[in-house]
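The values are calculated or read from the model by the stated rules, or taken from the named source; none is laboratory data. Keep in mind that this is a model prediction, so the values were computed, not measured. Every residue, glycine among them, receives a Cβ derived from its backbone with ideal geometry; neighbour counts consider all protein chains shown. Remember, those area values only see protein heavy atoms, side chains included, never the ligands or the DNA or RNA. Shrake-Rupley method; radii C 1.70, N 1.55, O 1.52, S 1.80 Å.
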Amino acid sequence: MFKEKSYRTLKKLETIKEENIDNFRLCFTGNLRDENGLSSYAGAIFILENGIHREFQAFYDTLDNTIPTQAEYYSLLHGLKLACSLNIRNLNIFSHHDIIQHFFSDEEKNIKNGILASLYFEIREILEKFDAIKFNYISKEKNRRAVKLDNCAFKNKQQNQKHYSQIKHN
């Protein structure tokens, strides 16, 4: 489904079979929508079944009074919390945003905004709960499910509807 460009794994994969890291995928996105700070974020968790990644759970929501990249952080945070609640221990993460590189470098010294720093450290803490995490950059076109959900979040906000989260079982 995706051609992967892997940035780095946070934990060693030597003891974990490659097939295990690919059993679950998190695809996410987030966007600042207007000059007033309205943003939207979305994502989906996919599970590998019979060689095909199928959507297992999806989410989207909006935020008010945000700054650029804050929605991306919220989306990643929400997806990670969701994966933890589903007892997923090995996760392959995909996004078309550059923030994924923040989590495997010394970026924390470059994050000066208090809101982003707080989210950054909360995400780092949650990442430690996983046995293996692999970050992958994909094009926006290949992240189309997350982008579509993100657009739904923005449209629903315009129509005063609430957030969305759904578990799919086939």
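Residues in the range 73-107 that are touching a residue at least 12 places away in the same chain (Cβ under 8 Å), under 16 Å from residue 45 (Cα atoms) and in a helix (DSSP H, G or I): 74, 75, 76, 77, 78, 79, 80, 81, 82, 83, 84. Picking from residues in the range 62-72 that are touching a strand residue (DSSP E or B) at 6+ places or on another chain (Cβ under 6 Å) and either among the basic types (Lys, Arg) or not in a helix (DSSP H, G or I) (or both), the one that is nearest to residue 24 (Cα to Cα) is 62. For beta carbons closer than 6 Å, sequence separation of 6+ or different chains, a first residue in the range 126-138 that is over 19 Å from residue 74 (Cβ atoms) and open to solvent by 10 Å² or more (accessible area, probe 1.4 Å) and a second that is aliphatic (A, V, I, L, M) and not in a strand (DSSP E or B), the qualifying pairs are 134/21.
Candidates in the range 20-49 are the residues that are assigned to a loop (DSSP other than H, G, I, E, B) and touching a residue at least 24 places away in the same chain (Cβ under 8 Å); of these, the one that is surrounded by the fewest Cβ atoms within 10 Å (Cβ to Cβ) is 36. The residues on offer are 52, 88, 99, and the sole one that is open to solvent by less than 10 Å² (accessible area, probe 1.4 Å), of a type outside the set (Phe, Trp, Tyr) and either touching a Pro at 6+ places or on another chain (Cβ under 6 Å) or at pLDDT below 90 (or both) is 99.
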